[in-house]
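Note sheet for the following structure.
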Amino acid sequence: MRLRDRLLLLFFLVVILPLGVYGIYAGYRETAETHPVIVRTLIEPYAEALKAGDYSGAYHNHTSSKFRKAYSMDAYVRGQKVNFDEFGPLETIAVNENEAFQSANNLFSWRKYYHGGLTYRYRKAEVWVGWEIVEEDGAFKIDDTFQAFHERWDPRVF
């Protein structure tokens with residue numbers, strides 16, 4: 001083995017590999033700390049508001065300013081009524097076991113968000129939904145929702 005190859009191997013083992021391991025550890029740790037908070041402070045209260053028919057409370061308390069710019073209150077309520085008509089009353093919202101909320105970043109806008117998968121259980125159907133969540137005013141808020149449909153994401157109000 002040439003000296004150059006040994007130095008590259010040493011650089012990989014001393015610098016690159018530890019950085020990769022630390023990145024995985026840091027991501028795991030952040031998910032382990034953040035995920036339960038998202039469930040307790042956002043998913044559960046949001047589901048309770050929807051089940052109670054409190055669409056105004058769900059909209060104003062649990063969605064981000066970006067979400068509210070994209071969907072007016074009237075559009076949001078129409079979307080919830082469409083879901084009710086199509087799927088029946090909402091029974092639960094549960095996090096998919098293999099899709100815990102993990103942090104992500106948009107490289108172009110430097111926007112940090114969390115992405116995770118949920119199952120909305122309605123009386124007539126189970127619907128897989130993806131959420132993007134942001135921290136806004138010290139609380140987690142829904143930034144966008146997507147229906148998982150045959151391995152593609154369709155934007156839709158949930």
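The values are calculated or read from the model by the stated rules, or taken from the named source; none is laboratory data. Here the structure is a predicted model, which means the values were calculated and not measured. Every residue, glycine among them, receives a Cβ derived from its backbone with ideal geometry; neighbour counts consider all protein chains shown.
Working only within the range 4-43, note down all residues that are among the acidic types (Asp, Glu) and either in contact (Cβ under 8 Å) with a residue 40 or more places away in the chain or outside any helix (DSSP H, G or I) (or both).
Scanning the range 4-43 gives a single hit, Glu30.
Which of the residues spanning the range 72-126 are part of a loop (DSSP other than H, G, I, E, B), under 15 Å from Gln147 (Cα atoms) and out of contact with any Ser or Thr (no Cβ under 8 Å at 6 or more places or on another chain)?
Once the filter is applied, which keeps residues that are part of a loop (DSSP other than H, G, I, E, B), under 15 Å from Gln147 (Cα atoms) and out of contact with any Ser or Thr (no Cβ under 8 Å at 6 or more places or on another chain), the range 72-126 yields Glu99, Ala125.
Looking only at the range 51-95, how many residues end up being of a type in the set (A, V, I, L, M, F, W, C), surrounded by 16 or more Cβ atoms within 10 Å (Cβ to Cβ) and over 15 Å from Ala125 (Cβ atoms)?
Here the count works out to 4.
Among residues belonging to the range 105-117 that are modelled with pLDDT under 75 and not hydroxyl-bearing (Ser, Thr, Tyr), point out the one that is surrounded by the most Cβ atoms within 10 Å (Cβ to Cβ).
Arg111
Looking at Met1 and the list (1) assigned to a loop (DSSP other than H, G, I, E, B); (2) in contact (Cβ under 8 Å) with a residue 40 or more places away in the chain; (3) of a type in the set (A, V, I, L, M), which single condition is not satisfied?
(2)
Report the residue count in the range 1-40 for those that are closer than 30 Å to Ala139 by Cβ and of a type in the set (Phe, Trp, Tyr).
3
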